[in-house]
Amino acid sequence: MTLRIVAGTANQALARAVAAGLYTEPVSSVVERFPDSELRPVVDGVRGADVYLVQPTGPPVNEHVMELLLLLDGCRRAGAARITAVVPYFGYARQDRRGRAGEAIGMRVVADALASAGAQRLVVVDPHTVALEAVCAVPVEMLTAVPVLAGALAERARGDAIVVAPDLGAVKLAERYAALLSLPVALVRKTRLTGTSVVAGKLVGDVVGRQAIVVDDMISTGGTIEAAVELLLEDGAAPPVVVAATHGLFVEAAAKRLGGSRIQSLLVTDSLPQDASSALPLQICSTAPLLADAIARLHRDEPLGDLLIHT
Ligand code: R5P
């Protein structure tokens, strides 16, 4: 079976870099748009192929999810032999439970829709929750960019550094960074008030005089990181703080919240397209080698072992 990369429009630079890592190019695909805004993707050259469709579902999330569904259907109808949806950032993963009666579980809905549109397997990078695997009807390969980011952090970490989880949900992630960097862990207790506003209540751990390295799976409005950085500095951490997150969405006021001199470096991956002219102190670590390695192994039916999240 021939390996083929299909690039959605959500991150074509990443799809091209992944294809280059596999000594190929994305096959020809176009996403036309009707005047009423309906999408109409067309894919060529996938008949009989082992297809890897690269499309992170970052903002505008609904557009990118819909395009992914249509591209999956296009690949299936064009005769692809096997279709893997490569969704480095999986949108809707934060909707993994009902916070109140009547609320939808968006993650489940999207997972079902991908399988029903033709995805036979899903590849994601550091999803918000590993519960994604349990709700998906098809196999999910959960890759991790933590070793890549930790490698870049190692160049910045001082001997007195401490890894900080900005909320309870990030503790396991912080422990993975801490193990790779041989550093201790602290935790911020966060309460989310609304989608854009959070309060960092209490710090668990001793950060006085230490360099704080705050880690999270994603940065959206920047509220979580801003609140954690404020609390850390109030509680005596040595400024400036270093921040690392796999997925940089940077929506709404994120640039304003995370600008200034309190954050020395903001490390994110290229799972989503990043603005090279951003005023933020961004350092982008590429996930292309990780994704290319995973795809090469899947194509050869080899285990992914060290590329996966081990919880
Ligand atoms: C939430 O639990 C996530 O891990 C992130 O902490 C959160 O989604 C980041 O969102 P924001 O940047 O809007 O605070």
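Dividing the alpha-carbon radius of gyration of the chain by the rule-of-thumb value 2.2 N^0.38 Å gives 1.01. Between the exposed loop cleavage positions of the chain, defined as GluC sites (Glu not before Pro) in a non-H, G, I, E, B DSSP state with at most 12 neighbouring beta-carbon atoms within 10 angstrom, the longest gap is 156-311.
Quote the Stokes-Einstein diffusion coefficient, in whole µm² s⁻¹, for segment 162-311, based on the Kirkwood radius over alpha carbon pairs, a temperature of 10 °C and a viscosity of 1.306 mPa s. Walk me through the numbers on the way to the answer.
Numbers: Rh = 16.1 Å.
Translational D for this selection: 98 µm²/s.
Express in whole angstrom the spacing between the alpha-carbon centres of segment 142-197 and segment 243-261. With segment 142-197 and segment 243-261 each reduced to a Cα centre, they are spaced 16 Å. Both radii were evaluated on the Cα set of segment 165-207; the Rg over Rh quotient, with Rh as the Kirkwood radius, amounts to 1.04.
In summary, the lysines within cross-link reach of Lys172, defined as a Cα separation below 25 angstrom excluding same-chain residues under 8 places away, comprise Lys190, Lys202.
Available extension along the chain between Met66 and His310 is 84.8 nm, counting 0.36 nm per residue and deducting the alpha carbon span. The alpha carbons of segment 46-111 occupy a box of 46, 20, 16 Å along the principal axes, longest dimension given first.
Counting only alpha carbon atoms, the long axis of helix 223-234 and the longest principal axis of the chain meet at about 20°. Based on the convex hull around the alpha carbon atoms, segment 185-270 presents an average projected area of 5.1 nm².
Nonpolar atom fraction for the chain, defined as the carbon and sulfur part of the 1.4 Å probe accessible area, stands at 52 percent. Here's the picture: a label point sits 7 Å out from the Cα of Glu230 along the beta-carbon direction, and within segment 167-201 the residues with their amide nitrogen under 18 Å of it are 167-168, 188-201.
Placing unit charges on each Cβ (+1 for Lys and Arg, -1 for Asp and Glu) gives segment 172-311 a dipole about its Cα centre, and among Ala200, Leu308, Ala179 the Cα reaching farthest toward its positive end belongs to Ala200. For the chain, the longest principal axis of the C-alpha atoms and the axis of helix 12-21 are separated by about 80°.
What's the percent breakdown of Cα-Cα distances in segment 70-189 across 5 Å bins, shortest bin first? Whole-percent P(r) values from 0 Å outward: 2, 10, 16, 17, 15, 13, 10, 8, 5, 2, 1, 0.
Based on C-alpha pairs under 8 angstrom that are at least 6 apart in sequence, the chain has a relative contact order of 14 percent.
Nearest 5 percent is fine: what portion of the DSSP beta bridges confined to segment 146-285 is antiparallel? The answer is about 20 percent antiparallel.
In whole percent, what relative contact order does segment 149-209 give with Cα contacts below 8 Å and a gap of six or more residues?
Numbers: 79 pairs, mean separation 17.2, N = 61.
Relative contact order for segment 149-209 comes out at 28 percent.
Keeping all protein chains in place, calculate the accessible area per residue for the chain (probe 1.4 angstrom), answer in Å². That works out to 44 Å² for each residue.
Between the helical axis of 106-117 and the longest alpha-carbon principal axis of the chain there is an angle of about 20 degrees. Rounded to the nearest Hz, the phi-derived 3J(HN,Hα) couplings of segment 33-45 under the Karplus curve 6.51 cos²θ - 1.76 cosθ + 1.60 (θ = phi - 60°) are 9, 6, x, 7, 5, 4, 8, 9, x, 10, 10, 10, x, where x marks glycine and proline.
What percent do you get for the relative contact order of segment 146-285 when only Cα pairs under 8 Å and 6+ apart count? Can you show the working numbers first?
Values: 302 pairs, mean separation 29.3, N = 140.
The value is 21 percent.
Out of segment 28-123, which chymotrypsin sites (Phe, Trp or Tyr not before Pro) are coil in DSSP terms and have no more than 16 other C-beta atoms within 10 Å?
On the way: sites: Tyr52, Tyr89, Phe90, Tyr92; in loops: Tyr89, Phe90, Tyr92.
Of the chymotrypsin sites (Phe, Trp or Tyr not before Pro), not one in the loops of segment 28-123 has a Cβ with at most 16 other Cβ atoms within 10 Å.
If you restrict to DSSP beta bridges whose two residues both lie in the chain, what percentage is antiparallel, to the nearest 5? Display every interim value, and only then the final one.
Values: 12 of 51 bridges.
Here the antiparallel bridges make up roughly 25 percent for the chain.
The values are calculated or read from the model by the stated rules, or taken from the named source; none is laboratory data. Everything quoted here is computed from the prediction, not taken from an experiment. FYI the Cβ positions are ideal-geometry reconstructions off the backbone, even for glycines, and counts take in every protein chain you see. Accessible surface is based on the protein model in full, side chains and every heavy atom, while ligands, DNA and RNA are left aside. Shrake-Rupley method; radii C 1.70, N 1.55, O 1.52, S 1.80 Å.
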